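A short reminder: the numbers here are calculations on the coordinates, not readings from a lab. None of the values given here were measured: they were computed from a predicted structure. Every residue, glycine among them, receives a Cβ derived from its backbone with ideal geometry; neighbour counts consider all protein chains shown.
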Amino acid sequence: MANKNDIIGKGVSWSLIWLYLLLVAIGLISIFSVEFKPGNDVLGAITGLKTNYSKQLLYFSFCLVVGIFILITDSKFFTATSNLLYAFGIVLLLATFVVGKNVNGSRSWIPLGFMNLQPAETCKIFVSLALAKFLSRPETNFSSWQSQVTAIGLALLPGVFSILQNETGLALVYFAFFIVLYREGLPAAYLIVGTSAAVLIVATILMEPNTLAYILTGLAVGTFFLLRRKIKRNRGILILIIACWALSVGIQRLAVPFLFEKIMQPYQVERIMSMFGKDYIPRDTAVAAKLQLQKSKMGKLNKDGKKEENYNVKQSKIAIGSGGFLGKGFLKGAVTQGDFVPEQHTDFIFTAIGESFGFWGTTLVVIIYFLLLMLIINMAERQRSTFSRVYAYSVASIILFHVVVNICMTIGLAPVIGIPLPLISYGVSSLLTFAVLLAILARLDADRQMVLR
């Protein structure tokens, strides 16, 4: 009888595979729990592919075949084709502008007949490989700003195309690669500048424009007086202070309004503003009309017959909160079974776990993700090859971003931006992407004694 290592590859981490299978099983159970109704013919639904849980089971079977194929592939294949695959991913993103299918206002899907492919989702695989390839090259000097800018460009380029496709949520995922770059030696200054910009954006939302401008000016003047002696010896510090002040005011006065009015969808801006307890009133009449149209399509009626904002999050909180500590039990969730939470089989699947299994169930899922992340980080640190280490950290960063944002989204701590829960949410693009990410990682880890470039 053949040994299992002979079938899928010697040295493969079975802990990684079992955690993957456990999360997929939780996803199938959760999707089943929100769709099942008493009297349903479960067997007929599965064989006839009439439900989302039956389709997810089919997608899982397909992912298993792809995963096994990856596990028996030579690791050198991934280093040899990394750049080619990245170029292929960019071509797919560009193709969506020509043959893309419009879903919920986002032109980011390519119809393939038997499924819809979302290139912005699958491109995370190609970016991980391309970034690993670039940083593992002997000629790459990551201490130089040219290499740093190139690496950042590789990571964020697909995100730019995602924004143009109105997929702002998926575009944000590509910022997770900054964790990888920081691990590989990206100066902390980049993170400080990025964090400062994020804080400034939040301050712009929360504060009156003139008040914030006065505060920024006061900080610049205060910094000038604190460093006035050093400024006498080095005029460059004064130029830096003035540049930082001008940039900060520019972000507040110009960049944030442009981002909200011209790049993001009105309903996305409204969700962000609502999260901070602010009303969103578009300055442009065309934007205001577009917002009302989106709300009429996506909103729900309240008691007064008006469209209710943040309906998804409100119902999500009710579902999770009603689960209490022990949960209502499997197939006993009134909110999720009653289909009160929109997209509860995809982006809001965490609500099904919260209502059915309560605090202990959601905590268990978080622990499983934590164990998966710790395992991946441990795998990353034991690699001899820079390529394998960078790739492993890329996988960990992507999963971490998805888990944190999705869970925070369902409990109202983050705006609703359409981020699926890895391996649990319904959807072939997401399920396939994470299956391939983990399968390649398992293959590279099995050959961790090799030095790949």
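Summary of computed values
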item: Residue 43-residue 156 pseudo-label distance in nm [points 7 Å out on the Cα-to-Cβ vector]; result: 5.6
item: q = 0.10, 0.21 Å⁻¹: log10 I(q)/I(0) that the Debye formula gives for the range 321-453, counting C-alpha atoms only; result: -0.39, -1.17
item: Descending semi-axes in whole angstrom, ellipsoid equivalent of the range 190-284, from the Cα gyration tensor; result: 31, 13, 11
item: Helix-only CD estimate at 222 nm, as mean residue ellipticity for the chain, using -39500 (n - 2.57) per DSSP H run (n ≥ 4); result: -22000 deg cm²/dmol
item: Cα-derived Rg to Rh of the range 134-234, Kirkwood definition; result: 1.09
item: Rough spin-label spacing in nm, given labels placed 7 Å along Cα→Cβ, for residue 242 and residue 58; result: 6.6
item: Residue order, fewest to most beta carbons within 10 Å, for 85, 421, 372; result: 85, 372, 421
item: FRET efficiency, residue 226 to residue 292 (Cβ-Cβ, R0 41 Å, nearest 0.05); result: 0.25
item: Point-to-point label distance, residue 449-residue 332, nm (Cα→Cβ direction, 7 Å offset); result: 5.3
item: Cβ-derived FRET efficiency at R0 35 Å, residue 208 paired with residue 66, nearest 0.05; result: 0.05
item: Residue order, fewest to most beta carbons within 10 Å, for 409, 115; result: 115, 409
item: Percent of Cα pairs exceeding the 34 Å cut-off, where the set is the chain; result: 40
item: Stretch gain in nm, segment residue 18-residue 254, where the contour uses 0.36 nm per residue and the Cα spacing is subtracted; result: 80.0 nm
item: Kirkwood hydrodynamic radius of the range 408-453, from inverse mean 1/r over distinct Cα pairs, in Å; result: 13.0
item: For 382, 443, order by how many other beta-carbon atoms lie within 10 Å, fewest first; result: 382, 443
item: Cleavage-rule hits (chymotrypsin sites (Phe, Trp or Tyr not before Pro)) in the range 307-349: DSSP loop, at most 10 neighbouring Cβ within 10 angstrom; result: 325
item: 23 Å Cα-Cα threshold exceeded, pairs from 278/317; 124/317; 278/314; 55/314; 101/124; result: 124/317; 55/314
